[in-house]
Amino acid sequence: MSESIRSYLFAPATRPERFAKAAQSGAGAVIVDLEDAVEPARKEAARVSLAKTMPGLIREARARDVEVLVRINSRGSDWYHDDLAACASFELDGIVIPKAEDPDAIASVAQRHPLWALHLLMETAVGFEHIGALAKAPGVRRMMFGSVDLMFDLAANETGEPLNYYRSQILLYSRLAGLIPAVDGVCTTLDNPSVLEDEVRRARAFGFGAKLCVHPLQIEPVNHGLGPTPQELAWALRVCEVVSNGAAVAVDGRLVDAPVLAQARRIVASAGRG
């Protein structure tokens, strides 16, 4: 299902009363957050709470074909190993590893937990220095753009244009590693829908396949904005119907050869019609 997911909604591990609503929000995946959303004094309590509340979230999510992931604390923190141990007791679809920097550390997690789909948050300069090896590390399913943390790490003034080079990098190396298109970072503006719309348009133009969300109201604009338009889908379906043997033909006055057919099939698949 991961390839068709366009929206990932964070839910604080300390707010289990929000879990069901998160699963019902329309997001393709819920990320239960043990990292930024939990203050240090409550890290242990959050893990204990998950043992009681996670089964209910997973049942609710399974009923709605929604994936469940946990964002653990970063490697080198006091909570990293305990978070990994706690996650091992849940039937998760995967985990999110923040501040991914060391390919060997990722490989170690994959070796100990081969069934986990690893989602790497790229949000530091060191991480981008090793992005090629990280993308090809075993167990990695998808890469995510940690735009806010990267902005601070680079001492940039905003998450927009100054980070465009890194947007291209995460998409390029995802493609080279054979991963599905990367996930764009969060929109932190909650009171101005036009800001989110602009970010979604930019994400689609760059080639991101999904976006991280911090509020349920962001889900619908993200799902809609990152999907094909009705016109694009109609064109793609016509192309796939007309072209059956790979030969170059014309559809709606446009030459359709192998690359265009591949694009059409990608659009159909992204709409869940493949």
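Only one of (1) part of a loop (DSSP other than H, G, I, E, B); (2) closer than 24 Å to GLN24 by Cβ; (3) in contact (Cβ under 8 Å) with a residue 60 or more places away in the chain is not met by LEU212, so which one is it?
Result: LEU212 fails condition (1) only.
The rows are residues; the columns are (1) in the same structural domain as THR188 (by TED's automatic domain parsing); (2) closer than 24 Å to TYR166 by Cα; (3) out of contact with any strand residue (DSSP E or B) (no Cβ under 7 Å at 6 or more places or on another chain); (4) of a type outside the set (Ser, Thr, Tyr).
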residue	(1), (2), (3), (4)
ALA45	yes, no, yes, yes
SER49	yes, no, yes, no
SER89	yes, no, yes, no
ASP104	yes, yes, yes, yes
HIS119	yes, yes, no, yes
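Could you figure out which of (1) without any contact (Cβ under 8 Å) to a residue 60 or more places away in the chain; (2) part of a strand (DSSP E or B) isn't true of ASP198?
(2)
Take THR159 and tell me if it is surrounded by fewer than 17 Cβ atoms within 10 Å (Cβ to Cβ) and in the same structural domain as VAL32 (by TED's automatic domain parsing).
Judged against the criteria, THR159 is not a match.
So, ARG167, is that one exposed (fewer than 14 other Cβ atoms within 10 Å of the Cβ) and within 19 Å of the chain's Cα centre (by Cα) or not? Spell out how you get there, then give the answer.
Working: exposed (fewer than 14 other Cβ atoms within 10 Å of the Cβ): no; within 19 Å of the chain's Cα centre (by Cα): yes.
Judged against the criteria, ARG167 is not a match.
What is the one condition in (1) within 16 Å of ALA135 (Cβ to Cβ); (2) part of a loop (DSSP other than H, G, I, E, B); (3) of a type outside the set (Asp, Glu) that CYS187 does not satisfy?
If we test CYS187 against (1) within 16 Å of ALA135 (Cβ to Cβ); (2) part of a loop (DSSP other than H, G, I, E, B); (3) of a type outside the set (Asp, Glu), just (1) comes out false.
May I ask you to verify whether ALA51 is modelled with pLDDT under 95 and of a type in the set (A, V, I, L, M)?
Spelling it out, ALA51 is indeed modelled with pLDDT under 95 and of a type in the set (A, V, I, L, M).
Suppose we filter region 111-164 for residues that are acidic (Asp, Glu) and within 17 Å of the chain's Cα centre (by Cα); how many remain?
The number of residues fulfilling the criteria is 2.
Here is a check on your reading of the model: is ILE180 assigned to a helix (DSSP H, G or I), within 27 Å of GLN263 (Cα to Cα), assigned by TED's automatic domain parsing to the domain that holds ALA23 and not polar (S, T, N, Q)?
Considered against the rule, which asks whether it is assigned to a helix (DSSP H, G or I), within 27 Å of GLN263 (Cα to Cα), assigned by TED's automatic domain parsing to the domain that holds ALA23 and not polar (S, T, N, Q), ILE180 comes out as no.
Between VAL239, VAL249, which is surrounded by 17 or more Cβ atoms within 10 Å (Cβ to Cβ), touching an Asp or Glu at 6+ places or on another chain (Cβ under 9 Å) and not assigned by TED's automatic domain parsing to the domain that holds TYR8?
The unique qualifying residue is VAL239.
Search region 1-34 for residues being among the polar types (S, T, N, Q) and part of a helix (DSSP H, G or I), and hand back the single one that is farthest from ASN223 (Cα to Cα).
Here the answer is SER2.
Regarding VAL30, is this residue in the same structural domain as VAL214 (by TED's automatic domain parsing), of a type in the set (Val, Ile, Thr) and under 18 Å from the mean Cα position of the chain (by Cα)?
Considered against the rule, which asks whether it is in the same structural domain as VAL214 (by TED's automatic domain parsing), of a type in the set (Val, Ile, Thr) and under 18 Å from the mean Cα position of the chain (by Cα), VAL30 comes out as yes.
Counting only residues that are surrounded by fewer than 18 Cβ atoms within 10 Å (Cβ to Cβ) and hydrophobic (A, V, I, L, M, F, W, C), how many does region 220-234 have?
Residues meeting the conditions: 2.
The values are calculated or read from the model by the stated rules, or taken from the named source; none is laboratory data. Because the structure is predicted, anything quoted here is derived from the model rather than measured. Positions of Cβ are generated from backbone atoms using ideal geometry, with glycine treated the same way; all protein chains shown enter the neighbour counts.
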